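To start, the structure under review is shown below, and the notes come after it.
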């Protein structure tokens, strides 16, 4: 890995951490408890667009662990929910990229939907409360909006910095 790539990935991870911390401070009046748009995922998607899947995984997992460490929630329920959703999203986006069927918008929506599904599965497993699965259809519908919004932001940022994407 070149120094330039290391610095860029570190910067993206820092941006993701800041976006996650800021989003955690915003009051959310949502239909579904705990729903967030997921602005921190901009960093992971940018790493994917700028470099490759491995870079996306580095930024995504690094952001999840370092944000939890900074918030004091490492190994708490919030951390496990974030990690389960993040792993599901990263794996799904990796598969979506590998198929070469999806644009940045499809990849982002697939990742957002997988994040929601991963978090619902984790909360169901942690609390053994199966009624939480009733939120899944609403979360998946909101994931479409979130995924499209995040992809739009990434596309606009990459255009603004005149960066040629790899996907």
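Could you give P(r) for the stretch 68-167, binned at 5 Å from zero, as whole percent values over all Cα-Cα pairs?
Answer for the stretch 68-167: a P(r) of 2, 14, 17, 20, 18, 14, 9, 4, 1, 0 percent.
Please label the shape of the stretch 27-102 as rounded, prolate or oblate, based on the square roots a ≥ b ≥ c of the eigenvalues of the alpha-carbon gyration tensor (a/c under 1.5 means rounded; beyond that, a/b larger than b/c means prolate, else oblate). Provide the component values of the computation, followed by the final result.
Working: a/c = 2.11, a/b = 1.51, b/c = 1.40.
Because a/c hits 1.5 or more and a/b exceeds b/c, the stretch 27-102 counts as prolate.
For the chain, find the longest principal axis of its Cα atoms and tell me its angle to the long axis of helix 53-71, 0 to 90°, nearest 10.
Relative to the chain, helix 53-71 is tipped by roughly 50 degrees.
How long is the gain from residue 124 to residue 98 if the chain were fully straight, where each residue apart is worth 0.36 nm and the alpha carbon distance is subtracted?
Separation in residues times 0.36 nm, less the Cα-Cα distance, equals 6.4 nm.
Work out how much length residue 32 to residue 91 would gain on full extension: take 0.36 nm times their residue separation and subtract the Cα-Cα distance, in nm to one decimal.
Numbers: separation 59, 0.36 × 59 = 21.24 nm, distance 2.44 nm.
This chain segment gains 18.8 nm when fully extended.
Ranked from highest to lowest mean number of other Cβ atoms within 10 Å per residue, what is the order of the peptides 12-20, 96-104?
12-20, 96-104
With a/c under 1.5 counting as rounded, go ahead and sort the stretch 76-120 into rounded, prolate or oblate using the C-alpha gyration tensor (a ≥ b ≥ c being the square roots of the eigenvalues; past the cut-off, prolate if a/b is larger than b/c, else oblate). The partial results should precede the final answer.
Details: a/c = 3.60, a/b = 2.59, b/c = 1.39.
Prolate shape, in that a/c is at least 1.5 and a/b is the bigger ratio.
Need one number: nm distance between label points at residue 145 and residue 24, each 7 Å from Cα along Cα→Cβ, rounded to one decimal.
Using points 7 Å along Cα→Cβ, the separation is 2.4 nm.
In 10 Å bins starting at 0, how do the alpha-carbon pair distances of the stretch 3-160 split up by percent?
Result returned by the calculation: 11, 42, 36, 9, 1.
Restricting to DSSP H runs of at least four residues, report the calculated mean residue ellipticity at 222 nm for the chain, -39500 (n - 2.57) per run over all residues, nearest 500 deg cm²/dmol.
Working: 6 runs with 124 residues, N = 167.
Rounded to the nearest 500, the figure is -25500 deg cm²/dmol.
Every number here is computed from the coordinates shown, using simple stated rules; none is lab data. Quick caveat: nothing in here was measured; it's all calculated off a predicted structure. Every residue, glycine as well, gets a Cβ built from its backbone with ideal geometry; the counts of neighbours run over all protein chains shown.
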